[in-house]
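The values are calculated or read from the model by the stated rules, or taken from the named source; none is laboratory data. It should be emphasised that the depicted structure is a prediction, and the values quoted were computed from it without experimental measurement. Positions of Cβ are generated from backbone atoms using ideal geometry, with glycine treated the same way; all protein chains shown enter the neighbour counts.
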Amino acid sequence: MFEQAFRNIDDVLRKEAGCTTELDYTEQTSWLLLLKYLVLANPPFGGKERKEVQQNFRIRTGETAFLFLQHFIRMLKAAGRGGMAIKNTFLSNTDNASVSLRQQLLESCNLHTVLDCPSGTFQGAGVKTVVLFFEKGTHTRKVWYYQLDPGRNLGKTNPLNDDDLAEFVKLQRTVADSPKSWTVDAQTLDPATFDLSVKNPNGGEAVVHRSPEEILDEIAALDAESAEVLETIRRLL
């Protein structure tokens, strides 16, 4: 089962803009597995581990994270805790695969927390991401959202730190409402789409769309960084 799963993952990674060699396939698979245990099962994880995950997360399209989420749900035993960081468009995509996976997640697991992360949280992701916290064995009744806003632009030289997550950790213990957090009753979700979009009812900005110029600048910077890393590897060979 696992052999075929990793073959499927490799097939997806070959199409990823951020992965260029077989070494990248192995690295990204390892980091995604590490992310499951460090980010989601025991938040907040340490600064060193977070920085390493951020600097090595080069997947840009989110297809691999989508695949991992499917496997996590299947592999988890009853009462098993897990989760995944995935690009935020998964919460509202209307394609059949996304709708079916959201339905499976809500009906087979308790999706108790959605952490909405700002751009730059995961280096190389190229898109905004959300972290989904869930427990298998019971359906979702309520989903608590938290909109993370560290008050600065995140990046390789300015990564997320423990202080940035302090309020999230504090409020998550009691799933308290605040200007950045709110609760959604699962019964109010559209049964046709199971849309889980981040829509802050407290006046927070739900979705920030970057300009095409900003996106192109980030892509150019990521490509330059990748080229620099590959050149360093070539010199070592």
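Annotations
- Condition check for Phe68 on (1) closer than 22 Å to Ala192 by Cα; (2) under 13 Å from the mean Cα position of the chain (by Cα); (3) aromatic (Phe, Trp, Tyr): one failure, at (1).
- Any hit, the range 179-200, residues being modelled with pLDDT under 95, surrounded by 12 or more Cβ atoms within 10 Å (Cβ to Cβ), of a type outside the set (Lys, Arg) and out of contact with any helix residue (DSSP H, G or I) (no Cβ under 8 Å at 6 or more places or on another chain): yes
- In the range 124-166, the residue that is nearest to the chain's Cα centre (by Cα) out of those that are modelled with pLDDT of 90 or more, farther than 27 Å from Gln70 by Cα and surrounded by fewer than 16 Cβ atoms within 10 Å (Cβ to Cβ) is Asp149.
- Close pairs from the range 171-182: first of a type in the set (Asp, Glu), partner not in a loop (DSSP other than H, G, I, E, B), Cβ under 7 Å, at least 6 apart: Asp177/Thr183
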